[in-house]
Number of protein chains: 2
Amino acid sequence: MTTVGFIGLGIMGGPMAVNLVKAGYDVLGYDVTPARTELLVEAGGRAAVGIAEAVQKADVVVTMVRDSADVEAVALGDHGILANSRPGQLYIDTSSISPTTSRDVAEAAKPLGVRVLDAPVSGGEPGAIEGNLSIMVGGEADDFEAARPVLEVVGATVVHVGPHGAGQTVKAANQLIVAGTIELVAEAIVFLEAYGVDTEAAIRVLAGGLAGNRILDRKAAGMLARRFEPGFRIDLHHKDMGIVTSAAREAGVVIPLGSAVAQLIASLKAQGDGGLDHSALLKLVEQLSGRVSR
Amino acid sequence: MTTVGFIGLGIMGGPMAVNLVKAGYDVLGYDVTPARTELLVEAGGRAAVGIAEAVQKADVVVTMVRDSADVEAVALGDHGILANSRPGQLYIDTSSISPTTSRDVAEAAKPLGVRVLDAPVSGGEPGAIEGNLSIMVGGEADDFEAARPVLEVVGATVVHVGPHGAGQTVKAANQLIVAGTIELVAEAIVFLEAYGVDTEAAIRVLAGGLAGNRILDRKAAGMLARRFEPGFRIDLHHKDMGIVTSAAREAGVVIPLGSAVAQLIASLKAQGDGGLDHSALLKLVEQLSGRVSR
């Protein structure tokens, strides 16, 4: 029986760990907030007292934490994962962080013989609960094959996309396209409303042609109704746009629309809307167009 | 038998007129370039000697011309459609033009009792040939119902979206979203390539999640291969972005990404790439990122 040490049992990590238990894995979970292990234990998993235990007793270590700084602390810290690991151990980081940090962790793990993969996910809380996340994996091909059984428990689409950091790069590209598409749909909606167009009929036509996208399919109705409860929060998308713009800058890649939408998301956060769904970009287009007082 | 006067038999209008013949309509076609009536006549239609004949002998008049200036000339000119029309006649303009021009034509037609619809299409040459265009219709609801049989011959999705000009507004929103999405995908591709990511695998994952869109489905493969033969030319998308940005400005709607991508398309045209497919926005992202010499 494979033991998985699972570190970070929040909104995403919690249900992922539970799904691993349901699939027959022995899951030893740890979170800085101890209460978060409760659901895992109820489901038949075990609670570890610290990172050291979760790593030392595990065959595979999985992390799902908030940002690059958290991964650095948890993986590279004095009492962290690598300090407690053994050669041949598999460490899968499913957090969404900077590709540079993912490469730094892989670099530090190499002399220890620890096999690292960056495996950020998309699909949000519903995807984590239903076990149908999309997972973009960077690292060595044979390590990917070794990790695949674990990843296929929590994800429906699990794809190896390149070397260390490549998973994060694809996740960053994903967040760039999602943010940009929400903004394009928001601009279209405000434009159509200004001309008295039947927006529901319009969205139906737009969704059926070359303009068709998942935001029109899944979010436009909520945008028309001004329902902005999250979903995926502006705060988190702001964090991700920081990763995208920094990573593009480091690579010398110029992303005019990506940068512009990063600024628009930053403005929503600065104006106190960080807790709203990212589709609230519509609110900002209305504000900029003088169509609502805030 | 209903006679359709069809004015403008180019890449789009030609096959649309032929489809009307095939569906049993008596089609009387006219184009400033007489050779363009040949395909229609071969298919069983008739060639008119001028606009006057195409309008006077028709029950329904359809136009498919290049831009707002062409519609103004053809519809409002001294020897144009309205000058030759009779009360109760239906005039459907399928050109993609400014919503303001569409409203001007409707305004001029009203005292004459001519029933005008703006009905721009999307789906390109293949959609025109296969008769499965998407058609966004602005105008009176009962005129839309009267025009529906004709429109459903050339289009698979035919939707009434609001008052005069609304069809053009939806088409403009369509072109905004399409241009912006191509640019977002282009930025993502250059970014992923810079990091050595397996782009084909990456596109597969991106297409499966919230970032999914028709550009990833239909155009990303050609973009990866740097195949930019049109398809839909930069020159035409530049014309359409002029309509979008002017119409947004007239309505006081601020479209940050729409405006930015309009500038990027303008730059491609200015640099001599107007004849390439709009997916050539990728070339500009590469140029801006110093990844190709031009």
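The values are calculated or read from the model by the stated rules, or taken from the named source; none is laboratory data. Please read these numbers as outputs of a predicted model, since none were measured by experiment. Here the Cβ positions follow ideal geometry from the backbone for every residue, glycine too, while neighbour counts run over all protein chains shown.
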Next item on the list: Within segment B:221-231, identify whether any single residue is touching a helix residue (DSSP H, G or I) at 6+ places or on another chain (Cβ under 6 Å) and either in contact (Cβ under 8 Å) with a residue 60 or more places away in the chain or within 11 Å of chain A (Cβ to nearest Cβ) (or both), and answer yes or no.
Entry: no
Check: Given the conditions (1) within 7 Å of chain A (Cβ to nearest Cβ); (2) assigned to a helix (DSSP H, G or I), and given that residue B:211 satisfies all but one, which numbered condition is not satisfied?
Finding: (2)
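Considering only segment A:267-278, state which residues are aliphatic (A, V, I, L, M) and either crowded, with 16+ Cβ neighbours inside 10 Å or not assigned by TED's automatic domain parsing to the domain that holds residue A:234 (or both).
Taking segment A:267-278 and keeping what is aliphatic (A, V, I, L, M), we get A:268, A:270, A:276.
If the condition is that a residue be aliphatic (A, V, I, L, M) and either crowded, with 16+ Cβ neighbours inside 10 Å or not assigned by TED's automatic domain parsing to the domain that holds residue A:234 (or both), then A:268, A:276 are the ones that fit.
Quick check on my filter: what residues within segment A:3-39 are of a type in the set (Gly, Ala, Ser) and over 20 Å from residue A:146 (Cα atoms)?
Of everything in segment A:3-39, those that are of a type in the set (Gly, Ala, Ser) and over 20 Å from residue A:146 (Cα atoms) turn out to be A:8, A:10, A:13, A:14, A:29, A:35.
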Margin query: Take residue A:39 and tell me if it is under 24 Å from residue A:152 (Cβ atoms) and in a helix (DSSP H, G or I).
Written below: yes
Margin query: I want to confirm something. Restricting to segment A:122-160 and keeping residues that are closer than 16 Å to residue A:60 by Cβ and β-branched (Val, Ile, Thr), which single residue is surrounded by the fewest Cβ atoms within 10 Å (Cβ to Cβ)?
Written below: A:153
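So how many residues does segment B:61-96 have that are of a type in the set (Val, Ile, Thr) and either free of Cβ contacts under 8 Å to residues at least 24 places away in the same chain or not in a strand (DSSP E or B) (or both)?
Adding up the residues that qualify gives 5.
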Notebook entry, point to check: Which one of these does residue B:258 not meet: (1) in contact with an Asp or Glu (Cβ under 6 Å, 6 or more places away or on another chain); (2) at the interface with chain A (Cβ under 9 Å from one of its Cβ atoms); (3) closer than 29 Å to residue A:160 by Cβ?
Noted result: (3)
Item checked: In segment A:97-143, the residues that are touching a Ser or Thr at 6+ places or on another chain (Cβ under 7 Å), outside any helix (DSSP H, G or I) and more than 11 Å from chain B (Cβ to nearest Cβ) -> A:97, A:98, A:114, A:118, A:119
Note to self: Out of everything in segment A:234-255 that is more than 14 Å from chain B (Cβ to nearest Cβ) and surrounded by fewer than 23 Cβ atoms within 10 Å (Cβ to Cβ), what residue ends up being nearest to the chain's Cα centre (by Cα)?
What the structure shows: A:239
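Yes or no: segment B:112-122 includes at least one residue that is out of contact with any Lys or Arg (no Cβ under 9 Å at 6 or more places or on another chain), of a type in the set (S, T, N, Q) and under 15 Å from residue B:16 (Cβ atoms).
No: zero hits.
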Notebook entry, point to check: Which is among the charged types (D, E, K, R) and crowded, with 24+ Cβ neighbours inside 10 Å, of B:93, B:70?
Noted result: B:93
Check: Of these, B:292, B:285, B:253, which one is modelled with pLDDT of 95 or more and either closer than 28 Å to residue B:207 by Cα or of a type in the set (Asp, Glu) (or both)?
Finding: B:285
Item checked: Criterion: surrounded by 15 or more Cβ atoms within 10 Å (Cβ to Cβ) and within 21 Å of the chain's Cα centre (by Cα) - qualifying residue of B:29, B:45 -> B:29
Check: Exactly one of (1) surrounded by fewer than 23 Cβ atoms within 10 Å (Cβ to Cβ); (2) farther than 18 Å from residue A:128 by Cα is unmet by residue A:54. Its number?
Finding: (1)
Check: Can you name the residue in segment A:161-193 that is touching a strand residue (DSSP E or B) at 6+ places or on another chain (Cβ under 7 Å) and within 7 Å of another protein chain (Cβ to nearest Cβ) and, of all such residues, is surrounded by the most Cβ atoms within 10 Å (Cβ to Cβ)?
Finding: A:170
Margin query: Filter segment A:261-294 down to the residues that are within 8 Å of chain B (Cβ to nearest Cβ) and closer than 18 Å to residue A:243 by Cα and list them by number.
Written below: A:261, A:264
Check: Within segment B:6-20, is there a residue that is surrounded by fewer than 22 Cβ atoms within 10 Å (Cβ to Cβ), within 21 Å of residue B:85 (Cα to Cα) and touching a Phe, Trp or Tyr at 6+ places or on another chain (Cβ under 6 Å)?
Finding: no
Check: What about residue B:201, is it part of a helix (DSSP H, G or I), facing chain A (nearest Cβ under 7 Å), touching a helix residue (DSSP H, G or I) at 6+ places or on another chain (Cβ under 9 Å) and surrounded by fewer than 24 Cβ atoms within 10 Å (Cβ to Cβ)?
Finding: yes
